[in-house]
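Participant: I'd like to ask some things about the structure below.
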Amino acid sequence: MSRLVLLLIVCLLALAPVPSWAWGRDGHRIVAAMAESRLTPTALERVRAILGEDTSLASVSTWADEVRPRRRESAPWHYVNIPIEGVGVFEPELCPNDDCVTMIIGRMAATLADAQMYDPLEVEEALKFIVHFLGDQAQPLHNANEADDRGGNAKRLVFFDRETNLHSLWDTGLIRRELESRGIDAAAFGNELNEEIRPESLRRWVAGTPIDWSNEAHAVAQDFVYPGWAPELGEDYFRKSIGPVRVQLQRGGVRTAHLLNSIFDTQYDGLPTIRRPFVLEDRPDEGVRPQLAPVFEQAPEAEMPVAP
């Protein structure tokens, strides 16, 4: 291979788009570990029968992103482009052939509910998909689009001296900032989120349907993500955004547990309370972490829109 051709390949690889991981690995694993801690014993037994005795929900929570390049039909399942402009609610025309995050959740749930009708590999994949997509749906920018900005991907910005975009900031940047500014890891952060969920929040968050949940996440994008964004962002944007990030991660974990309990346990009482310790091996997101400004106190909880 000539040096010119090799140089061209290197340049093209450098320019190739980097896949977007909703919530990043840390966020997805927190949602999944939170869900597993809230599974009923019967539901957990079914999950282990499908995935394997030693395979956790957290360990498969990013599988859907990993297979996305070779499973091209799954690409639109990760998001729904609900316009920020206007009323901004889910409409069927935004989801052709039900190929969007809002509707795919129900399709995967149906496969799990009728598992005996499907090949075991299809059932395993449905479980991996549903764990991932309930995490995706909780990320506001997987339910929003402003003037074709591709869920914030087209909005380039600098966050504490690190170049990124609005979508990636909500996927990973805000969570990383929270972890590093407080000197904690994802396991400690996830356990903290899990322990602070109140019973009244559980009752509210398990209500509704995936359509309601997409509309709710879209409202977070309208109220918190887009207002105040600018080409340069720092402490002020972080402090107003980390509260919504925390709540959306909690909603994703609670709803994942609720859906799996509802599918796998006929005796489930309807509330995904904590049934076992939160367990998450510390495996931080790959890549270079952002440079941080001086440490400051934890951001206060933000007022959040509630589920219908």
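The values are calculated or read from the model by the stated rules, or taken from the named source; none is laboratory data. It should be emphasised that the depicted structure is a prediction, and the values quoted were computed from it without experimental measurement. So basically every Cβ, Gly included, is an ideal-geometry build from the backbone, and we count neighbours across all protein chains shown. Just the protein is used for accessible areas: all its heavy atoms, side chains included, with ligands, DNA and RNA removed. Shrake-Rupley method; radii C 1.70, N 1.55, O 1.52, S 1.80 Å.
Participant: Using the Cβ atoms and a cut-off under 10 Å, what net charge is assigned to the surroundings of GLY208, where Lys and Arg are +1 and Asp and Glu are -1?
Facilitator: Around GLY208, the surrounding residues sum to 0.
Participant: Using a 1.4 Å probe on the protein chains only, how many percent of the accessible area of region 33-185 belongs to carbon and sulfur?
Facilitator: 48 percent
Participant: How compact is region 70-188 by the rule of thumb for globular proteins, expressed as Cα Rg over 2.2 N^0.38 Å?
Facilitator: With N residues counted in region 70-188, Rg over 2.2 N^0.38 Å equals 1.26.
Participant: Which value, in Å² and to the nearest 10, is the accessible area of ASP223 when all protein chains are kept and the probe is 1.4 Å?
Facilitator: Its accessible surface works out to 90 Å², give or take rounding.
Participant: Now for a separate question. Starting from the Cα-Cα distance between ARG198 and LYS240, subtract it from 0.36 nm times their residue separation and give me the gain in nm to one decimal.
Facilitator: Gain on stretching ARG198 to LYS240: 13.0 nm.
Participant: Would you please put 58-65, 73-80 in order of how densely packed they are, using the mean number of other Cβ atoms within 10 angstrom per residue and starting with the highest?
Facilitator: 58-65, 73-80
Participant: At each listed q (0.13, 0.16, 0.22, 0.29 Å⁻¹), what is the log10 of I(q)/I(0) that the Debye formula gives for region 127-181 modelled as equal alpha-carbon point scatterers?
Facilitator: Debye curve over Cα of region 127-181, log10 I(q)/I(0) at q = 0.13, 0.16, 0.22, 0.29 Å⁻¹: -0.38, -0.55, -0.88, -1.09.
Participant: Something else about it: In the full protein assembly as shown, how much of VAL279 is accessible to a 1.4 Å probe, in Å² to the nearest 10?
Facilitator: Surface accessible to solvent at VAL279 totals approximately 110 Å².
Participant: Where does each of MET117, MET108, MET34, MET103 land when they are ordered by accessible area, with a 1.4 Å probe and the largest first?
Facilitator: MET117, MET103, MET108, MET34
Participant: For THR209 paired with ASP223, estimate the spin-label separation in nm (one decimal), with each label point 7 Å from Cα along the Cα-to-Cβ line.
Facilitator: Here the answer is 2.3 nm between the modelled labels.
Participant: Would you mind working out the accessible area per residue for region 154-199, using a 1.4 Å probe, and quoting it in Å²?
Facilitator: Dividing the accessible area of region 154-199 by its residue count gives 37 Å².
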